[in-house]
Amino acid sequence: MKVSIILKILISVFIFFLVSTFISTLISISAIEKSVAIINLQTEYNQIGFDILNNLDRLTRLARSYGQFGQKIYYDEYLHEFNTVNIREKTITQLKELGITGESLVFINRAIDYSNELAEMEAKAFNAAANNNYEQARNLLFGEKYNDKRNQIASAVKEFQTSVNNMTEVEESRAKQFIARMFFITIGFFFSTIIAAIASFVIITKKFKSISSLTEIAKEVAEGNLDISIISDSKDELGELTRSFAVMLNSIKGITTDLSYIAKTDALTQISNRHSFFLSAPSFFDFHVRSCNPISILFFDIDDFKKINDNIGHSFGDNVLRSFAMTVSGLIRSFDLFCRYGGEEFILLLSNTDQSSGVLVGERIIENIGQAYFPARPDFKYTTSIGLYSKIPQKNESVEEYIEKADHALYLAKGNGKNRIEVYYE
């Protein structure tokens, strides 16, 4: 067969594989973006469940405080929380906008129905407290029926989270399988393109000498090794192909890195998210258990953040959250754990830090927060309340126990005037 015919065939094959590689690469990138979107959607679903439970806990604490002590401040804060922060009415609309299925929506509807029943019990307790019948109010708010209703709400929310997690895990698994298939298809097309280019180049120049090197690289990539350094100084067509392959590998490695970063980072503040925090906390605890050194956990809540959003706007509220994260990050050490816990709440785990040192850190943060400057609103100032718990961790203790105690201290800081730090004592 004439060389010209062979060359035409090889060039046609080369063009076919080149176009196929380009198309399969675009499909792979689209599938990766879909996988990222699924992860983000799962996070949003779970955050809605956390918001409901956090809202439930806050309302319960305020209701019980009013029912026990009859102080109007608790009742006013309860009404404010219920009327302005309460997410019951917005949850269904938000879930529908996110495309939640009817099966999962049933659990949220059930949780909201239970919460409405709980609100009715709280209203009866408030009426009793208003008539100085505190015993009846306490019986209503601390009774078995009240606790059962709270447990029903929590159970419904957990069923919702389990349902959406199962749903998104299935979708994510399918997406990953599709990405894996498309990756190998793309690699196959790419190497087919390289082979066609190499064959054409050999026929034309008869000077090709580096095919064995590319073959070795191809084997490593096919085996899943993407950490390969590919350098080509050649200015011919094969050199361009090699550099293109290097660019493609770098793109794939970059996308993989981005996926890992997205899964562990809060998109707004660019610090660790709740998921990343709970992945790192167990090893953090184990280290201090073995070394018998204290840790301090600080639970932050930006004061009156709802008013900032309502009066100035959510965009400015986002700026406040970013400013807070940046300020705290600049005051802590690289090995401390700092994350956005949810909404306007943040958590900081300080290594080798006792209670007095933890208080100093908290006071320094409060001082620096008070000096924050916003060019768009030079006169604007905001504050934060902090709950602190310090202890040498013991074996079998969990970070959740520490968070709960720091949260209790935070509640005291809120009740004692805000813009302050309170310590939890055993």
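Where a number appears in this text, it was derived from the coordinates with a stated rule and is not lab data. None of these values were measured; they are calculated from a predicted model. Don't worry about glycine lacking a Cβ; one is built from the backbone with ideal geometry, like all the others, and counts go over all protein chains shown.
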Can you work out ³J(HN,Hα) from phi for every residue in segment 370-385, in order, using Karplus 6.51 cos²θ - 1.76 cosθ + 1.60 and θ = phi - 60°, giving whole Hz and x for Gly and Pro?
x, 9, 4, 10, 10, x, 5, 9, x, 8, 6, 9, 9, 9, 9, 9
Are there any chymotrypsin sites (Phe, Trp or Tyr not before Pro) in segment 336-426 that are in a DSSP loop and have at most 14 other Cβ atoms within 10 Å? List them by number.
TYR373, PHE380, TYR425
Which entries in the list LYS307/LYS391; LYS72/LYS158; LYS158/LYS418; LYS264/LYS381; LYS158/LYS264; LYS149/LYS391 go over 26 Å, if you measure between the two C-alpha atoms of each?
LYS307/LYS391; LYS72/LYS158; LYS158/LYS418; LYS264/LYS381; LYS149/LYS391
Along each of its three principal axes, how wide is the spread of alpha-carbon positions in segment 115-162, in whole angstrom units, largest first?
43, 17, 9
Quick one: Karplus J couplings for segment 331-345, per residue in order, coefficients 6.51, -1.76, 1.60, θ = phi - 60°, nearest Hz, x for Gly and Pro?
10, 10, 8, 5, 8, 6, 9, 10, 8, 8, 7, x, x, 9, 9
Expressed in angstrom and rounded, the centroid-to-centroid distance over alpha carbons for segment 387-426 and segment 285-306 is 8
One finds, for ASN368 and ILE23 with R0 = 51 angstrom and r their Cβ-Cβ distance, a FRET efficiency to the nearest 0.05 of 0.45
Which distance in nm do the two modelled labels at GLU404 and ASP57 give, with both placed 7 Å along the Cα-to-Cβ direction?
0.9
Compute and list, largest first, the equivalent-ellipsoid semi-axes of segment 276-319 from the alpha carbon gyration tensor, each √(5λ) rounded to a whole angstrom.
37, 12, 6
Histogram of C-alpha separations across segment 272-423, 5 Å bin width, %
2, 10, 19, 23, 20, 13, 7, 4, 2, 1
